[in-house]
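The values are calculated or read from the model by the stated rules, or taken from the named source; none is laboratory data. Every value quoted in this text rests on a predicted model; they were computed, and no experiment measured them. Here the Cβ is made from the backbone with ideal geometry for all residues, glycine too, and neighbour counts use every protein chain on show.
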Amino acid sequence: MQSTGTGPTAFEVADAFGKPEAQLIRARWMPVYVEPIMFSGERITVAVAVVTEGEAPRVVGTLNLEQLEQVFGRHGKDLHAVATLVIRDLQAFLASGGDLEGWTPNLQGVCAGNVVPTKNTSLKAIITSALSHSSLFSAKGLKPSDQTEKAERSLSRFQTQIRDLVLATRSTFAERFNRQMPLYKGKGKAQITYVGHHLAMNLTALDTTISSHSQQRDKAHRKIFQLLSLQESWADKGRDSLIIGVWTPSRDYSPKQNETLVAYTEELEYSATKVGVQCILADGRIGTKAAAQPFAERILADQ
């Protein structure tokens, strides 16, 4: 579904109806399309980029690998790989200060849609609206499943366990957790899990037993970009240790789910290492406290 770019959709207006203007967040979003068959003119939305005032730019994938394989068979994995390349390229472009209108895809068969100005009550509402109004794949699976919520709660418990271990020894470190930091050359802020004197750490969840696992993987890549952007402001302050922690909850994985988990973690380790970020895996099967201990120790050493 290609947007016209003339303004907010009727659904977005309804979402914001009755809210004071001062409470609304202004944003612009842009869908990104791929032609599964080159030059056919038939397109599917693979991502939506959202830029707001005071927030870091976001590029959110719309495709689910399992759904793609059901529709496109063995070609579904290839299409998903193309979508991943597009998302990374656009995220890197925006993270380095690029504008939505200035992005040019590097791959044939990929094109940017019209930029749509909008406003809503929260960034989450804007992203949800953009996804549901530009992508059939996203519209079918936007409502969070119980398993998705369970994965987020599991990550929250893991983060809390790390914080508790640290504060039990150094209570003065409390202000270093979940800090809102200016990123992307002052164009937005993002919450970083931990920011200290010499160390910055972001945590993310990866659970391949849920249908949104590819979106979790994309989110992990965004958190790596956040650390890189933060590092730019550290250039003259000696803060040069960056860590992305990947929390994998304790689950009963099928062989295929385990294969996907291994592929994702290897991909994240490679991407992080390539840009100077250390990737540490936290396996929930050994217990939350045991998995949290190495992270707490790294933070406690940040004097």
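Residue count for the stretch 195-228, restricted to those that are hydroxyl-bearing (Ser, Thr, Tyr) and under 20 Å from residue 269 (Cβ atoms): 3. When the criteria are applied in full, residue 88 fails the requirement of being surrounded by 19 or more Cβ atoms within 10 Å (Cβ to Cβ), touching a residue at least 40 places away in the same chain (Cβ under 8 Å) and either closer than 30 Å to residue 257 by Cβ or not assigned by TED's automatic domain parsing to the domain that holds residue 209 (or both).
Within the stretch 115-139, the set of residues being touching a helix residue (DSSP H, G or I) at 6+ places or on another chain (Cβ under 9 Å), hydrophobic (A, V, I, L, M, F, W, C) and either within 14 Å of residue 58 (Cβ to Cβ) or at pLDDT 80 or above (or both) comprises 115, 116, 125, 126, 130, 131. Only one of (1) part of a helix (DSSP H, G or I); (2) more than 12 Å from the chain's Cα centre (by Cα) fails for residue 169. Which number is that? Status for residue 169: all satisfied but (1). Among the residues of the stretch 251-292, write down those that are at pLDDT 90 or above, within 16 Å of residue 88 (Cβ to Cβ) and in a loop (DSSP other than H, G, I, E, B). 277, the sole residue that qualifies. For the stretch 65-104, name all the residues that are part of a loop (DSSP other than H, G, I, E, B) and under 15 Å from residue 33 (Cα atoms). Correct list: 103, 104. Does residue 52 fit the bill of being buried (at least 20 other Cβ atoms within 10 Å of the Cβ), modelled with pLDDT of 80 or more and of a type in the set (Val, Ile, Thr)? Judged against the criteria, residue 52 is a match.
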